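Beneath this line is the structure, given in structure tokens, with notes to follow.
The values are calculated or read from the model by the stated rules, or taken from the named source; none is laboratory data. Just so we're clear, the structure is a prediction, and the values are computed from it rather than from any experiment. Glycine also receives a Cβ, built like all others from the backbone with ideal geometry; neighbour counts cover every protein chain displayed.
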Amino acid sequence: MLSNTKEYDDIAEFVLYHHERWDGKGYPKGIKKEEIPLEARIIGIVDAFDAMTEVRPYKISFTKEEALAELNRCAGAQFDPKLVKMVIEK
């Protein structure tokens, strides 16, 4: 959808790849590590943090500390470990 809208064309690729995983087990392409655009890796981390900490009717939300611990646990598999370290430090 974004790639079909001229004003969002420049970010469409980043959104498309934000479900890729550092270990290559993500989708839609199964790319890994630095093959994943930096912006997509950042969006993936932020999206996961948001999903964990937001109140949803079907789950209990994590505290900020619990969400950061989960990001840390998944660093190197799901997420870029250097970016996770930066997020945790900030």
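Taking the criterion of being at pLDDT below 95, touching a Leu at 6+ places or on another chain (Cβ under 7 Å), more than 27 Å from residue 89 (Cα to Cα) and not acidic (Asp, Glu), would at least one residue in the stretch 55-64 satisfy it? Checking the stretch 55-64: not a single residue is at pLDDT below 95, touching a Leu at 6+ places or on another chain (Cβ under 7 Å), more than 27 Å from residue 89 (Cα to Cα) and not acidic (Asp, Glu).
For the stretch 1-26, name all the residues that are among the hydrophobic types (A, V, I, L, M, F, W, C) and out of contact with any Leu (no Cβ under 7 Å at 6 or more places or on another chain).
Let us first name the residues in the stretch 1-26 that are among the hydrophobic types (A, V, I, L, M, F, W, C), namely 1-2, 11-12, 14-16, 22.
Listed by number, the residues that qualify are 1, 2, 14, 16, 22.
Step by step: first the residues of the stretch 22-59, then only those that are over 10 Å from the mean Cα position of the chain (by Cα) and within 15 Å of residue 2 (Cβ to Cβ), then the one that is surrounded by the fewest Cβ atoms within 10 Å (Cβ to Cβ). Which residue is that? Ranking the candidates gives 28 first.
What do you reckon, is residue 28 touching a strand residue (DSSP E or B) at 6+ places or on another chain (Cβ under 6 Å) and under 26 Å from residue 10 (Cα atoms)? When the stated conditions are applied, residue 28 does not pass them.
Residues of the stretch 6-21 that are of a type outside the set (Asp, Glu) and either surrounded by fewer than 12 Cβ atoms within 10 Å (Cβ to Cβ) or not in a helix (DSSP H, G or I) (or both): 6, 17, 18, 19, 21.
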